[in-house]
Amino acid sequence: MGLVHEIDFGTPVSKSEKQVTLTVDGFTVTVPEGTSVMRASMEAGIEVPKLCATDMVDAFGSCRLCLVEIEGRAGTPASCTTPVTPGMVVHTQTSRLKDIRKGVMELYISDHPLDCLTCAANGDCELQDMAGAVGLRDVRYGYDGDNHVFAKRNGGENFNWMAKDESNPYFTYDPAKCIVCSRCVRACEEVQGTFALTIEGRGFGSRVSAGMQEAFIDSECVSCGACVQACPTATLQEKSVIQIGQPEHSVVTTCAYCGVGCSFKAEMRGEELVRMVPWKDGKANRGHSCVKGRFAYGYATHRERILNPMIREKITDPWREVSWEEAISHTVKEFRRIQYQYGRGAIGGITSSRCTNEETYLVQKIIRQGFRNNNVDTCARVCHSPTGYGLGQTYGTSAGTQDFDSVEHTDVALIIGANPAAAHPVFASRLKKRLRAGAKLIVIDPRRTEMVKSPHIEAAHHLALKPGTNVAVVTAMAHVIVTEGLFNEAFIRERCDWSEFQDYIEFVADPRHAPEEVEKISGVPAETIRGAARLYATGGNAAIYYGLGVTEHSQGSTTVIGIANLAMMTGNIGRRGVGVNPLRGQNNVQGSCDMGSFPHELPGYRHISGDAVRDIYDSLWGVKLDEEPGLRIPNMLDAAVDGTFKGIYIQGEDILQSDPDTSHVSAGLAAMECVVVQDLFLNETANYAHVFLPGSTFLEKDGTFTNAERRINRVRKVMTPKNGYADWEVTQMLAQEMGLNWNYQHPSEIMDEIAKTTPSFAFVSYDRLEKLGSVQWPCNEKAPEGTPIMHIGGFVRGKGKFIRTEYVATDEKTGPRFPLLLTTGRILSQYNVGAQTRRTENVAWHPEDLLEIHPHDAENRGLRDGDWVRLQSRAGQTTLRAQITDRVSPGVVYTTFHHPDTQANVITTDFSDWATNCPEYKVTAVQVAPSNGPTDWQKDYNDQARQSRRITGRMEAAE
Amino acid sequence: MSHDDENRMSTKQKLVYMANQIATFFDSKPHDERVEGIAEHINKFWDPRMRRQFLEMLAAGGAGMKPTVIEAGAKIRPPKQDAA
């Protein structure tokens, strides 16, 4: 197997279309104009010695090792900073160059420890390689002179020496090993865009410094790992490599965190994971990563993972470990009993956005084929279901229109209700890179996020609207575009229904949609709305990126429609650099929607009422599918409380923590007779479960994830499932117990069934994925290699459809009892309900959820930074600590929902999107008051959770 | 437990609320499309037991329902007996 080797070309690729031919050491090579001599040499297969160059960052020319001689030119130019010219004749190895290089290396090594045998980078050190490459045999200067290597010198302190910084939980910084190539500093700037690192001092005193000589953990560093990757020595080194040693083989797989879907090399030693390294050829991430994907995989081997199936009669009983056979047969017996007693529709299930497409497909299949109803839903219900509805109605597909590469051609980025820097960090880095190159940015968000202003990034317009007024603001932008004649008439006439646009004009041109009117409701100055609209309409290629701040509202679907309208009327659809891009939350939320996880749709977004579609499955599965739509998650809970819904199979989803109005969710779960939870851990929902089926991690199975750009990426097994089975195998066992004729030997066979039955996946197969690396659906006869950009030349539904978007104020209103508006969000180091990230060292950055409150509101309530506060809505109350900041506007408070101790969803209400029942997480009227500590509710909850996690014969499980 | 029960809707209240929300979206459309749109949306996305409860409430006078919701009621598909 061996390691997946990647060639380092030394400098980034040139995208010029003009080709240049030159000669390197007698070999002729043709490369794009703008390529460096170093890269051209590497293309010809000749590796010029180098230290400060690597192809993830621009050339710098500081190490003086990559010098070459060029015929007709004086001196010895650095090959990394010298662009190729036609007919150039390059020599990379001459006696003059050999002498210079050896001299340079001699100086480097004179100030470097010689502990190679015990060094963590042994075997993976470029300094070592270069010493070998130049034939360094002796260091004439000795090691006793001025140096950065030894703590003591001449019997006293060596003030040039700096101690190792081990403050970051995942990597160490050892200044003694630093050669000041500045690759880390440049990676932090150019790739990540955080600018946390710098070179301080000058000459011999130059040092890499995090922030202002701070420890890494205290600096602005976001622990993305780009610097560690860039470092040619052991100066910045993964702690896992220090502990374990160098990996011996690696497997390319896909990250199981956010919807960016980064490709990683899982670098292994046997079945032990040594480290995750972003894969350069990964088309979503292009070799970059964030703290979660790069480092936060420790949950996979966490001691709290449950590895044996368990059952119990009542949720007040302790768990009893049983065999897989017993757990499976008990589950099926219970489900059949419930259906016999209460009716066919009394059970259902939830597919997981964290599981693979194949696993999700099987869960909806067992429900439709085995349960014989359509009571299947997925967590997209609570995040992007309005995207499905809105984009489906207007464009004809329920997905983003672009690939991530498209951002490199964007001139104006409009971010609405999303904070990619926290929730989609690798995409944020790619966007920031484009912004630093001159693209403009508009942010619509109640909060001043990191995207609004961060080093070398500043939004041209920040529309800090009042939560719940998205539709008004987006419609006001449309008003400006229409009334100022900034729309693209040619595009609309060609691609959309002109009469529908006329109707839309009539609607939107009305003065009630003017920015001056909307200012009164949204709090955004009219001029800012006008400026943003003009920039979006006239600034060149304009792309919209949006998140849950759009969807999780009573009018979530309406805002999505409004966004689709904006892109259509300005012609920003159907080519590179533009489009409408929902930033999907979880790794496979796109895939779980594609795979027919919604109660009204079969795979590929085909409504269940369609006879022709049902026929495909009826004949393949040998059953008559129910033609009625099933229950959505909130409806399931309502039906449970009403007594008509009694059993549920939940794969990889923690609805008790992630869904709104916790009290209502727990009441629904408590009313059921058989709750089956399949997960890695005893999550919050499992407190109400009767059967627990242990799940497997993404490292333990084969499959595919589909990211936010519709890209189907392979997930590859690198270790044996600790629980014994991949999740798809568990579902298959349940199906077999139900008497269904399932016999999949490998997930590729499940994908073959998906391809056979779903037109947009017709050409998807594991063979094709192996060949192409990844593919974006639709992938079929019309697009055998997939579809990076959709709606080219016309919309999927035919003509693009303009739909009126009337603003309706949410019924969740502030008043004397609840005068503030709570909105919720994410933080970089944590993921979703935190079940995974809380079980990693990521807690170093975010040990608890905090309530952000404006100084003005804090002052009124006598709150100081760090005080315990009670947060109360009409649904419930909780306590947490306050953080006073003007990132939020007066009247608005903000928190995250990563920690079950806080349970932010105790506060959120049962209001939801009109079209999809997506909960209104983003607007809750609340009151905030000083508090002494956790509420009774929190204490009761913790007691109940502790009680319910007892396992017979085991010590109490600790959270 | 600070479960504020008097502020929480029952399933039936919720169904009326949801139907009215759907009607509100279609308010900006011409009358026929409005009624058609509401009915189509409910037929497409509501499971049989939700429609049954809704139709029962409608038969009992449709208290709290917007006029367009009541009008759309005639086009809402009654669930088959065995469905749930």
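What to note about this one:
- Matching residues, segment A:664-714, being within 30 Å of A:Ile338 (Cβ to Cβ), buried (at least 23 other Cβ atoms within 10 Å of the Cβ) and among the charged types (D, E, K, R): A:Asp679, A:Glu684, A:Lys701
- The criterion of being without any contact (Cβ under 8 Å) to a residue 24 or more places away in the chain and surrounded by fewer than 18 Cβ atoms within 10 Å (Cβ to Cβ) holds for A:Gly26.
- The residues of segment A:935-950 that are within 12 Å of chain B (Cβ to nearest Cβ) and either among the basic types (Lys, Arg) or surrounded by 17 or more Cβ atoms within 10 Å (Cβ to Cβ) (or both), listed by number, are A:Thr935, A:Trp937, A:Gln938, A:Lys939, A:Tyr941.
- Evaluation of A:Arg874 against (1) within 10 Å of chain B (Cβ to nearest Cβ); (2) under 16 Å from A:Asp659 (Cα atoms) (one fails), failing number: (2)
- Only residues that are surrounded by fewer than 24 Cβ atoms within 10 Å (Cβ to Cβ) and on the phi > 0 side of the Ramachandran plot were counted across segment A:246-266, and they come to 0.
- Filter pass, A:Val13 being touching a helix residue (DSSP H, G or I) at 6+ places or on another chain (Cβ under 8 Å), among the β-branched types (Val, Ile, Thr) and within 20 Å of A:Val191 (Cβ to Cβ): yes
- Highlighted here are the helices (runs of 4 or more DSSP H) found entirely within segment A:555-637 that include at least 1 residues which are out of contact with any helix residue (DSSP H, G or I) (no Cβ under 9 Å at 6 or more places or on another chain) and at pLDDT below 95: A:611-621.
- The strands (runs of 3 or more DSSP E) found entirely in segment A:869-959 that carry 2 or more residues being within 25 Å of the chain's Cα centre (by Cα) and in contact (Cβ under 8 Å) with a residue 24 or more places away in the chain are A:892-896.
- A:Ile442 being buried (at least 22 other Cβ atoms within 10 Å of the Cβ), touching a His at 6+ places or on another chain (Cβ under 7 Å) and not assigned by TED's automatic domain parsing to the domain that holds A:Ala708: yes
- For segment A:657-682, the set of residues classified as within 14 Å of another protein chain (Cβ to nearest Cβ) and outside any helix (DSSP H, G or I) consists of A:Pro660, A:Asp661, A:Ala671, listed by residue number.
- Residues (touching a residue at least 12 places away in the same chain (Cβ under 8 Å), crowded, with 18+ Cβ neighbours inside 10 Å and closer than 18 Å to A:Ser398 by Cβ) located in segment A:606-629: A:Ile608, A:Pro629
- Complete set of residues in segment A:315-365 that are surrounded by fewer than 21 Cβ atoms within 10 Å (Cβ to Cβ), touching a Phe, Trp or Tyr at 6+ places or on another chain (Cβ under 9 Å) and away from every other protein chain (no Cβ under 14 Å): A:Ile315, A:Trp324
- Residue in segment A:94-115 that is closer than 30 Å to A:Lys152 by Cα, among the β-branched types (Val, Ile, Thr) and in contact with a Lys or Arg (Cβ under 7 Å, 6 or more places away or on another chain) present: yes
- Of the numbered criteria (1) at positive phi; (2) surrounded by 18 or more Cβ atoms within 10 Å (Cβ to Cβ); (3) assigned by TED's automatic domain parsing to the domain that holds A:Tyr921, the one A:Gly862 fails is (2).
- Matching residues, segment A:639-656, being in a loop (DSSP other than H, G, I, E, B) and within 28 Å of the chain's Cα centre (by Cα): A:Gly652, A:Glu653, A:Asp654
- Scanning segment A:373-398 for residues that are assigned to a loop (DSSP other than H, G, I, E, B) and within 11 Å of chain B (Cβ to nearest Cβ) gives A:Asn373, A:Asn374, A:Asn375.
- Against the criterion of being in contact (Cβ under 8 Å) with a residue 12 or more places away in the chain, at negative phi, assigned by TED's automatic domain parsing to the domain that holds A:Arg826 and part of a helix (DSSP H, G or I), A:His856 qualifies.
- Helices (runs of 4 or more DSSP H) within segment A:450-548 that include 3 or more residues free of Cβ contacts under 8 Å to residues at least 12 places away in the same chain and within 14 Å of another protein chain (Cβ to nearest Cβ): A:498-508
- Flag: A:Leu637 matches the condition of being more than 23 Å from A:Ser398 (Cα to Cα) and of a type in the set (A, V, I, L, M).
- Residues in segment A:679-703 that are under 14 Å from A:Glu729 (Cα atoms) and in contact with a helix residue (DSSP H, G or I) (Cβ under 6 Å, 6 or more places away or on another chain): A:Leu693, A:Gly695, A:Ser696, A:Thr697, A:Asp702, A:Gly703.
- Residue list for segment A:29-76, filter: acidic (Asp, Glu), in a loop (DSSP other than H, G, I, E, B) and either crowded, with 24+ Cβ neighbours inside 10 Å or touching a Ser or Thr at 6+ places or on another chain (Cβ under 8 Å) (or both): A:Glu33, A:Glu47, A:Asp55, A:Asp58
- Meets criteria (assigned by TED's automatic domain parsing to the domain that holds A:Glu238, under 17 Å from A:Ser110 (Cα atoms), more than 39 Å from the chain's Cα centre (by Cα) and part of a loop (DSSP other than H, G, I, E, B)) for A:Asn147: no
- Here A:Ala639 fulfils each of the conditions (1) touching a strand residue (DSSP E or B) at 6+ places or on another chain (Cβ under 7 Å); (2) free of Cβ contacts under 8 Å to residues at least 60 places away in the same chain; (3) within 14 Å of chain B (Cβ to nearest Cβ) apart from (1).
- Sole residue being over 30 Å from A:Arg344 (Cβ atoms), among the hydrophobic types (A, V, I, L, M, F, W, C) and touching a residue at least 12 places away in the same chain (Cβ under 8 Å), chosen from A:Val376, A:Val407: A:Val407
- The conditions of being part of a loop (DSSP other than H, G, I, E, B), in contact with a Leu (Cβ under 7 Å, 6 or more places away or on another chain) and among the polar types (S, T, N, Q) are not met by A:Thr810.
- Of A:Leu850, A:Leu822, A:Leu871, all but one fail to be among the aliphatic types (A, V, I, L, M) and either in the same structural domain as A:Ile655 (by TED's automatic domain parsing) or closer than 28 Å to A:Thr475 by Cβ (or both); the exception is A:Leu822.
- Test: residue in segment A:698-718 that is touching a residue at least 60 places away in the same chain (Cβ under 8 Å), of a type in the set (Ser, Thr, Tyr) and in a loop (DSSP other than H, G, I, E, B): no
The values are calculated or read from the model by the stated rules, or taken from the named source; none is laboratory data. All values derive from a computational prediction rather than experimental measurement. Neighbour counts run over all protein chains shown; Cβ positions are idealised from the backbone, glycine included.
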